[in-house]
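See below for the structure under consideration.
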Amino acid sequence: DAGVTQSPTHLIKTRGQQVTLRCSPKSGHDTVSWYQQALGQGPQFIFQYYEEEERQRGNFPDRFSGHQFPNYSSELNVNALLLGDSALYLCASSPTPRAYNEQFFGPGTRLTVL
Amino acid sequence: QKEVEQDPGPLSVPEGAIVSLNCTYSNSAFQYFMWYRQYSRKGPELLMYTYSSGNKEDGRFTAQVDKSSKYISLFIRDSQPSDSATYLCAMSARATSGSRLTFGEGTQLTVNP
């Protein structure tokens, strides 16, 4: 079982650019959530995708958008990058239906905005 | 005020010590509580999941929840150098799969041989 995979591992962009991060969920999982983890902080919830739709969203601006594909993989897009967007971006997957909210995280994509 | 407060440490203990990690929270809607372990440059790994007040034990790890005090703890017995990592508490108001998790900022633990 490959677990949750994310690409790329690292990314360097400049302010104003756009970036796309990718996530493949754990086998058997169909729900994907994205989190942003700034250095020294806990992860912050960005949004959740299920059945190719955004189901929940955290307190992030519209510059952050996503997509889920029929094979359950997902993309996170960030437009007009700011220095403050530098962080580790984590993807988490979980199966449905489940009686509890168990989420499995990938290794993350480290984004640096210069 | 943050919804979840966690002492960031760092915490340094000798091998074999009992470690106590704690979080407090302010949102009464939180019903489900998790502890994650995160090694440097890795994603968080789920250690424990609880949904009721009381204790849950798994090997050397014990999770404790006190909903009346809005306080959760993770105890690590016979700590090992391999336990050196950042420990994150996380909470959820919903049981629905993939629902928002609210994390503490993490406690950095070092276990010295």
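Here, each number is a calculation from the coordinates, and none is a lab measurement. All of these numbers come straight from a predicted model, not from anything done at the bench. Heads up, the Cβs are rebuilt from the backbone with ideal geometry, glycines too, and the neighbour counts pull from every protein chain shown.
Here is how the numbers come out for the structure above:
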| item | result |
| --- | --- |
| Theoretical FRET efficiency, 1/(1+(r/R0)^6), r = Cβ-Cβ of residue B:27 and residue A:59, R0 25 Å, to 0.05 | 0.95 |
| Cα-derived Rg over Rh, computed across region A:11-90 with Rh taken as Kirkwood radius | 0.96 |
| Cβ-based charge dipole, the protein assembly as shown, positive-most Cα from A:27, A:108, B:16 | A:108 |
| The protein assembly as shown, dipole about Cα centre (Lys/Arg Cβ +1, Asp/Glu Cβ -1), debye to the nearest 20 | 300 |
| All aspartates and glutamates inside 16 Å of residue B:67 as judged from Cα atoms, apart from same-chain residues fewer than 8 positions distant | B:3, B:5 |
| Cα gyration tensor, the protein assembly as shown - rounded (a/c under 1.5), prolate or oblate | prolate |
| For B:21, B:11, A:81, order by how many other beta-carbon atoms lie within 10 Å, fewest first | B:11, A:81, B:21 |
| Three-way shape call for region B:31-92 based on the alpha-carbon gyration tensor, with the a/c threshold at 1.5 | oblate |
| Percent of alpha-carbon pairs separated by more than 19 Å within chain B | 41 |
| Within chain A: Cβ-based charge dipole about Cα centre, in debye rounded to nearest 20 (Lys, Arg +1; Asp, Glu -1) | 400 |
| Residues B:7, B:58, sorted so that the one with the fewest Cβ neighbours within 10 Å comes first | B:58, B:7 |
| Leading residue at positive end of dipole, the protein assembly as shown (Cβ point charges), from B:53, A:2, A:89 | A:89 |
| Other protein chain Cβ atoms within 10 Å, averaged over every residue that makes up A:29-35 | 3 |
| q = 0.15, 0.24 Å⁻¹: log10 I(q)/I(0) that the Debye formula gives for region B:66-113, counting C-alpha atoms only | -0.56, -0.97 |
| Dipole of region B:6-106, positive end: most advanced residue of B:44, B:96, B:68 [Cβ charges, Cα centre] | B:96 |
| Karplus 3J(HN,Hα) series, Hz, for region B:54-60 with 6.51 cos²θ - 1.76 cosθ + 1.60 (x for Gly, Pro) | x, 10, 9, 10, 8, x, 7 |
| Summed residue charge, Cβ within 12 Å of residue B:104's Cβ, Lys/Arg positive, Asp/Glu negative | -3 |
| The protein assembly as shown: Cys lacking any partner C-beta under 4.7 angstrom | none |
| Antiparallel content of DSSP bridges confined to chain A, in %, to 5 | 90 |
| Dipole magnitude of chain B, debye to nearest 20 (Cβ charges: Lys/Arg +1, Asp/Glu -1, about Cα centre) | 340 |
